[in-house]
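After the structure tokens below, expect a handful of questions from me.
The values are calculated or read from the model by the stated rules, or taken from the named source; none is laboratory data. Not measured: the values here are computed from a predicted model. Positions of Cβ are generated from backbone atoms using ideal geometry, with glycine treated the same way; all protein chains shown enter the neighbour counts.
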Amino acid sequence: MTVQARLSRWLRRSGTLIGFLIVIVYFTLNIPNTFLTLPNWLNISQQVSMLAVTAFTMTIVMVMGDFDLSVGSMASLSGIVAALFFRDSQPVLVGVIVALAAGLVGGLLNGLLVSYIGITPFVATLGTLTIFSGAAFLLSGGKTIFGRDIPADFSGFARGGIPIGTFNERALLFPNLTIVALIVFVIVWVVLEQTAFGRRLYAIGGNVEAARLGGVRVRFLRLIAFMLTGLGAALAGLLYASRVASANPTQGAGLMLDAIAAVFLGMTMSEEGEPHVVGTLLGVTILGVLDNGLTQMRVDSYVREVLIGAIIIGAVTSSSLSRRGH
Amino acid sequence: MGENGAGKSTLIKILAGVVTPDHVEIRLQDRPVNIHNPQDAFTLGLRFIHQELNVVSQLSVAENIFVSLPYPRRAGFLVDWPRLHADATQVLAQLGIHHIDPRQPIARLSPGDQMLVKIASAFVGADQSNASIYVMDEPTAALTGDETARLFHVISELKAKGCAVLYVTHRMEEVFQICDTVTVMRDGRVVETRPIQGTTPNDLIRLMTGRQLEQTYPARLAPIGQAVVLDVRDLSTRRIGGIRFQLRAGEILGVAGLTGAGCSELLRALIGAERCLTYDVLLDDHLLPPLSPARAWEAGFAYVPEERRAQGLMLSRTIRDNITLPHLQRLSRGGVFLNRAAERGASSAVSQSVQLRATGTEQITRQLSGGNQQKVLFARAMMQTPRVLLLDEPTRGVDVGAKFDIYSLIRNFSARGAAILLASSDLNELLGLCDRILVMRKRRQAALVEAAGLSAHDLLTLCYEAPA
């Protein structure tokens, strides 16, 4: 391989990473006192934890070339379901388990529609997006559930963490939400990269007909994958509800687009343009850092949205252009 | 005429401007012409009726007929629907078709009717433009007897008008019914052009197959075993039926038939890719439940599909991923966690035994040549030492050297006691490798013959509906 080819290959895989480093340098220079500090990064990690959980589990379906539009409204629904059980004075654990079960059932519905009935993921999950969202409004009566209805055990979880020292004489916690997100990351990484199940999902994404003829139970695996994505969305909804100590039927709005964006950003880093959960982690980090840095620089939130959208398009464009040149 | 793969379709694609030839000289009415794209062909007066039903299924019959022409307009930009439908009715009537309403969606029509519409669309604007040559590639493949008769009537009218017709078919009797001269192709070359008068079906079959055995085939390594491995007592799907055969350990059974005769479908039914209507199959004397591909691989079937890119390989994945896919269960720890070391060891061992030329098992499959991609599929099939090996066109698009490697591989499988089904459109390949040959005709099993002593001529005769 020539030096030039090596360089272009390296650039293709690392372009997004280099861009990210430039962003970090820029923020470090412009926000010198706070940006590159441990508390700020722990804060970022906590802020993106809901998105991270959603995006990691979204990667599972995107590996097969599918996607799930309903994750945001599933996150809303799961928060509401848990809060309703809390209001009923049920133990925290019951509310959490029922909310996660709702995620599995929602994912099962998506999986049945996509793999057994054969509706395209776009239409199927667009439909369930609306259904889950409507259900969240119906169950909550359109109101936010908050205050004494939310037990302190539940909302305390998001404020807690593992003490890791002090910074400027303030106790520093490694946030529980970040820990949950990291655990989900490790699980998804093991599932996708270290199990036969994950390999088969990649095979489906590579060539669905070849996978089927090569002995992969395509329909069943797709069903399971959608259930995992639903479970992840429900977990993200619980994290959010815990963090804001309330449940709101629109709390998951925006989660879906950001999650898909994070997976796309991660895809730009793989040679063959396949989703990878490590890439997704980087995508989530990029989105979180941009949000954090721009907020600290007091950039208007609408400008922030425009910038983030442009960056996603830019990263994916440059990656697909260099692949075409290849 | 010509066998599958003789070059008929390529010739038509060159005329249609779809395929760019290395060298070409086409003369039309004694003037040299150039055809670079389909538009050129249209302007020169060439009209094509392709074998595939390439209709736009969302559109109506009338829209499909006029799809390549400007629609009649009203007020400059609105489509004049009544006129479009009237024109379409008239076009259909020219072919004696009165039972098709041009307003209905074409998807609702039977395949035969769709083909008639497609044929009709080739005659649109024939009066005003200079259409003079009609090229038809197996137009009757989907037509019933009545519809065929109607088409032949139209063809004779075209002849009377002074148009020329180039007619490609697999059906012997049609050539004698409507053609004046016949050109036989073989291996991409014209063998002979002769008048139909004084030619017999036997002559044509001799011309189509009359080559010497250019390819040498490796000899059998071990005798056929006694045990019946696969006993297909009855097998039918919506597409094929009447399948019944037994296969012994190490035996190679060829599957022969013309395009569309159902050879691939037979193999797909056995691997569980098609839903079976009747399924009475024994493997090693045990009755099999109807299979899915996943269960078929587990039961000991292995399959090399016809289209290696579309049906066989995940091109973006490594060679190792492609080889181990059906065997992951066995190669993983506890059937769950990947064991990459075991995968690498097993896949590099089978890669060597199929003589795969690659930089290693971690190479991306897309980067391999066609022959080596095919060997990846053989390596996949070889990994578990299959009981039954299903091979669909295993040497298609493979160069001569790799072909011989693949033949040797098939012999190796056979020596290890696998029962092998080999579907191929290369008759000499079938005769060179197989012990017996199952002939498919019109999607049914038509004959089951010993290969010894059979000539390509005999075999092709069997593939055609018994010629007069």
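Would you check which residues across segment B:400-422 are more than 19 Å from the chain's Cα centre (by Cα) and outside any helix (DSSP H, G or I) and list them?
If the condition is that a residue be more than 19 Å from the chain's Cα centre (by Cα) and outside any helix (DSSP H, G or I), then B:416, B:417, B:418, B:419, B:420 are the ones that fit.
Still on this structure: Suppose the filter is away from chain B (no Cβ under 14 Å), under 19 Å from residue A:56 (Cβ atoms) and in a helix (DSSP H, G or I); does residue A:183 pass it?
Values: away from chain B (no Cβ under 14 Å): yes; under 19 Å from residue A:56 (Cβ atoms): yes; in a helix (DSSP H, G or I): yes.
Taking the combined requirement at face value, the residue satisfies it.
What's the number of the condition residue A:210 fails, among (1) at the interface with chain B (Cβ under 7 Å from one of its Cβ atoms); (2) out of contact with any Gly (no Cβ under 6 Å at 6 or more places or on another chain)?
Tallying (1) at the interface with chain B (Cβ under 7 Å from one of its Cβ atoms); (2) out of contact with any Gly (no Cβ under 6 Å at 6 or more places or on another chain), residue A:210 fails exactly one: (2).
Considering only residues of segment A:269-292 that are crowded, with 21+ Cβ neighbours inside 10 Å and of a type in the set (A, V, I, L, M), which is farthest from the chain's Cα centre (by Cα)?
The extreme case among them is A:269.
Here are some conditions: (1) hydrophobic (A, V, I, L, M, F, W, C); (2) closer than 16 Å to residue A:235 by Cβ; (3) surrounded by 20 or more Cβ atoms within 10 Å (Cβ to Cβ). Residue A:97 meets all but one. Which one does it not meet?
Every listed condition holds for residue A:97 apart from (3).
Could you grab the pairs with beta carbons closer than 6 Å, sequence gap of 6+ or different chains, first residue in segment A:132-152 and touching a residue at least 24 places away in the same chain (Cβ under 8 Å), second one loosely packed, with under 12 Cβ neighbours inside 10 Å and among the aromatic types (Phe, Trp, Tyr)?
Matching pairs, first to second residue: none at all.
Further question on the same structure: For segment B:246-279, which residues satisfy the criterion of being within 14 Å of another protein chain (Cβ to nearest Cβ), among the charged types (D, E, K, R) and either under 17 Å from residue B:437 (Cα atoms) or over 21 Å from the mean Cα position of the chain (by Cα) (or both)? Reasoning before the result, please.
Within segment B:246-279, the subset within 14 Å of another protein chain (Cβ to nearest Cβ) is B:264-265, B:267-275.
Narrowing the set further to residues that are among the charged types (D, E, K, R) leaves B:265, B:268, B:274-275.
If the condition is that a residue be within 14 Å of another protein chain (Cβ to nearest Cβ), among the charged types (D, E, K, R) and either under 17 Å from residue B:437 (Cα atoms) or over 21 Å from the mean Cα position of the chain (by Cα) (or both), then B:265 is the only one that fits.
Follow-up. Among the numbered criteria (1) surrounded by fewer than 18 Cβ atoms within 10 Å (Cβ to Cβ); (2) at pLDDT below 95, which single criterion is violated by residue A:67?
Status for residue A:67: all satisfied but (1).
Let me ask another. Please list, ordered by first then second residue, the pairs with beta carbon atoms under 8 Å, 6 or more apart or interchain, first in segment B:334-351 and modelled with pLDDT under 95, second of a type in the set (Phe, Trp, Tyr).
Every condition considered, the pairs that remain are B:336/A:197.
Step by step: first the residues of segment A:298-326, then only those that are among the basic types (Lys, Arg) and surrounded by fewer than 15 Cβ atoms within 10 Å (Cβ to Cβ), then the one that is modelled with the highest pLDDT. Which residue is that?
Step by step, filter segment A:298-326, then rank; the result is A:298.
Only residues in segment A:40-58 that are surrounded by fewer than 24 Cβ atoms within 10 Å (Cβ to Cβ) count as the first member; pair them with residues that are assigned to a loop (DSSP other than H, G, I, E, B), Cβ under 6 angstrom, at least 6 apart or cross-chain, and list the lot.
Note: pairs meeting the criteria are A:40/A:34.
A further question on this structure: Taking segment B:328-357 as the region of interest, how many residues are more than 29 Å from the chain's Cα centre (by Cα) and either away from chain A (no Cβ under 11 Å) or outside any loop (DSSP other than H, G, I, E, B) (or both)?
Looking only at that region, the number is 19.
For segment A:29-57, what are the residues that are more than 20 Å from the chain's Cα centre (by Cα) and outside any helix (DSSP H, G or I)?
Initial filter on segment A:29-57 (more than 20 Å from the chain's Cα centre (by Cα)): A:29-40.
A:31, A:32, A:33, A:34, A:35, A:36, A:37, listed by residue number.
Next question. Determine if segment B:363-377 includes at least one residue that is of a type in the set (Val, Ile, Thr), farther than 14 Å from residue B:303 by Cα, surrounded by 23 or more Cβ atoms within 10 Å (Cβ to Cβ) and in contact with a Lys or Arg (Cβ under 7 Å, 6 or more places away or on another chain).
Yes, some residue in segment B:363-377 is of a type in the set (Val, Ile, Thr), farther than 14 Å from residue B:303 by Cα, surrounded by 23 or more Cβ atoms within 10 Å (Cβ to Cβ) and in contact with a Lys or Arg (Cβ under 7 Å, 6 or more places away or on another chain).
Enumerate the pairs (first residue in segment B:23-52 and acidic (Asp, Glu); second residue anywhere and surrounded by 14 or more Cβ atoms within 10 Å (Cβ to Cβ)) with beta-carbon separation below 9 Å, excluding pairs fewer than 6 apart on the same chain, so at least 6 apart or on different chains.
B:40/B:17; B:40/B:33; B:40/B:46; B:52/B:137
Touching a residue at least 40 places away in the same chain (Cβ under 8 Å), in contact with a helix residue (DSSP H, G or I) (Cβ under 9 Å, 6 or more places away or on another chain), away from every other protein chain (no Cβ under 14 Å) and surrounded by fewer than 24 Cβ atoms within 10 Å (Cβ to Cβ): which single residue out of A:255, A:239, A:223 fits that description?
On the way: A:255 fails: surrounded by fewer than 24 Cβ atoms within 10 Å (Cβ to Cβ); A:239 fails: surrounded by fewer than 24 Cβ atoms within 10 Å (Cβ to Cβ).
That would be A:223, the only listed residue that is touching a residue at least 40 places away in the same chain (Cβ under 8 Å), in contact with a helix residue (DSSP H, G or I) (Cβ under 9 Å, 6 or more places away or on another chain), away from every other protein chain (no Cβ under 14 Å) and surrounded by fewer than 24 Cβ atoms within 10 Å (Cβ to Cβ).
Which condition breaks for residue B:425 when tested against (1) within 14 Å of chain A (Cβ to nearest Cβ); (2) under 26 Å from the mean Cα position of the chain (by Cα); (3) in contact (Cβ under 8 Å) with a residue 24 or more places away in the chain?
With respect to (1) within 14 Å of chain A (Cβ to nearest Cβ); (2) under 26 Å from the mean Cα position of the chain (by Cα); (3) in contact (Cβ under 8 Å) with a residue 24 or more places away in the chain, residue B:425 is out only on (1).
Just wondering, is there one or more residues in segment B:425-434 that are in a helix (DSSP H, G or I), of a type outside the set (Ser, Thr, Tyr) and under 28 Å from residue B:278 (Cα atoms)?
yes
Only one of A:215, A:205 is under 30 Å from residue B:381 (Cβ atoms), touching a helix residue (DSSP H, G or I) at 6+ places or on another chain (Cβ under 7 Å) and assigned to a loop (DSSP other than H, G, I, E, B); which?
On inspection, the qualifying residue turns out to be A:215.
Tell me, please, whether a residue that is part of a helix (DSSP H, G or I) and buried (at least 21 other Cβ atoms within 10 Å of the Cβ) can be found in segment A:11-18.
Of all residues in segment A:11-18, those part of a helix (DSSP H, G or I) come to A:11-18.
Remaining after also requiring buried (at least 21 other Cβ atoms within 10 Å of the Cβ): A:12, A:16.
Yes, because at least one residue in segment A:11-18 is part of a helix (DSSP H, G or I) and buried (at least 21 other Cβ atoms within 10 Å of the Cβ).
Among the residues of segment B:121-162 satisfying the criterion of being farther than 22 Å from residue B:1 by Cβ and modelled with pLDDT under 75, which is surrounded by the fewest Cβ atoms within 10 Å (Cβ to Cβ)?
Per the criteria, the residue is B:128.
Among all residue pairs at least 6 apart or on different chains, which show Cβ distances below 8 Å where the first residue, located in segment B:280-296, is away from chain A (no Cβ under 14 Å) and the second is in a helix (DSSP H, G or I) and surrounded by 20 or more Cβ atoms within 10 Å (Cβ to Cβ)?
Qualifying pairs under 8 Å: B:281/B:270.
Please go through (1) more than 10 Å from chain A (Cβ to nearest Cβ); (2) touching a residue at least 60 places away in the same chain (Cβ under 8 Å); (3) touching a Leu at 6+ places or on another chain (Cβ under 9 Å); (4) in a helix (DSSP H, G or I) for residue B:309 and return the number of the only condition it doesn't satisfy.
Of everything listed in (1) more than 10 Å from chain A (Cβ to nearest Cβ); (2) touching a residue at least 60 places away in the same chain (Cβ under 8 Å); (3) touching a Leu at 6+ places or on another chain (Cβ under 9 Å); (4) in a helix (DSSP H, G or I), residue B:309 misses just condition (1).
I need the full set of residues from segment B:275-300 which are buried (at least 19 other Cβ atoms within 10 Å of the Cβ) and assigned to a strand (DSSP E or B), in order please.
Correct list: B:276, B:279, B:281, B:283.
Is it the case, given these coordinates, that residue B:363 is within 29 Å of the chain's Cα centre (by Cα), in the same structural domain as residue B:232 (by TED's automatic domain parsing), among the polar types (S, T, N, Q) and within 30 Å of residue A:267 (Cα to Cα)?
For residue B:363, the condition - within 29 Å of the chain's Cα centre (by Cα), in the same structural domain as residue B:232 (by TED's automatic domain parsing), among the polar types (S, T, N, Q) and within 30 Å of residue A:267 (Cα to Cα) - is not met.
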